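What follows draws every value from the coordinates through simple rules; no lab data is involved. All values reported here derive from a predicted model rather than from experimental measurement. Here the Cβ is made from the backbone with ideal geometry for all residues, glycine too, and neighbour counts use every protein chain on show.
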Amino acid sequence: MLSASDLPDTIPLFPLPGALLLPRARLPLHLFEPRYLQMFEDCLKTQHRLVGMIQPHDGPGGKAQLHAIGCAGRVTQFSETEDGRYMITLAGISRFRIRQEVTGFSPYRRAEVSWDGFERDLGYAETDDALDREKFLNLLGRFFDAQDLKTDWDSLKDADTELLINSLSMLCPFEPEERQALLEAPSLSTRRETLVTLIEFALRGGSGEEVVQ
């Protein structure tokens, strides 16, 4: 487990719309663009092997910008295909806040980052004592039916609370800005509340009407 003193001041950034990584979760990625292949090869040469996942968004005038907060993941697995692409897995380590982007000759984006305020990410799994699992899973079942999604319900019923909430946050078909809200939730219980709000909103069809029971 990495400690706060192990975290670097500068990390490579991988802006990917809709991709959400959370602390202690895992994210599989497929790398094929030359700049990200270079990023990966450079990452393996570092002691920490961290990549900063970050959401891009449209700024003023439609100019592409980055959200201020992302999540860094450590490369824990990778395999190379015959045509030179990589399949990698990132293990979520900690969220970060961009201080400023670093200019230079790198083909990929890098940034100086701050880890302040996200110390909890480096600790043990969070709990959510207010979670009513039966009620939550019933709501989730209606959402999955409406979205025509399938899952292993026995695994969900038995999953640890943090794994349950974070996995659903990462896998459910939400918009990028909604995923950003889940990322920035200050605690697991707040993330669960945000997740429930997004599910209920989707069940209402994006309207302000009450959910039909």
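Side notes on the structure shown:
- Distance in nm between pseudo-label sites at ALA64 and ARG35 (7 Å out along the Cβ direction from Cα): 0.6
- Projecting the Cα positions of VAL102, PRO28, THR197 onto the charge dipole of the chain (unit charges on Cβ atoms of Lys, Arg, Asp and Glu, taken about the Cα centre) puts VAL102 furthest along the positive direction.
- Between GLN47 and GLU80, full extension at 0.36 nm per residue minus the direct alpha carbon distance yields a gain of 9.8 nm.
- In terms of other Cβ atoms within 10 Å, LYS150, LYS135 run from fewest to most in the order LYS150, LYS135.
- Taking 0.36 nm per residue of separation and subtracting the Cα-Cα distance, full extension of the segment from SER106 to ASP129 would add 3.7 nm.
- Spin-label proximity, ASP116 to region 170-196 - amide N less than 20 Å from point 7 Å beyond Cα toward beta carbon: 184-187
- The chain: relative contact order in percent, alpha carbon pairs under 8 Å with at least 6 residues between: 22
- All aspartates and glutamates inside 16 Å of LYS157 as judged from Cα atoms, apart from same-chain residues fewer than 8 positions distant: ASP128, ASP129, ASP132, GLU134
- Contour minus Cα-Cα distance for TRP153 and GLU200 (0.36 nm per residue): 15.0 nm
- Peptides 70-77, 10-17 ordered by packing proxy, namely the average of other Cβ atoms within 10 Å per residue, highest first: 70-77, 10-17.
- Region 91-213: relative contact order in percent, alpha carbon pairs under 8 Å with at least 6 residues between: 20
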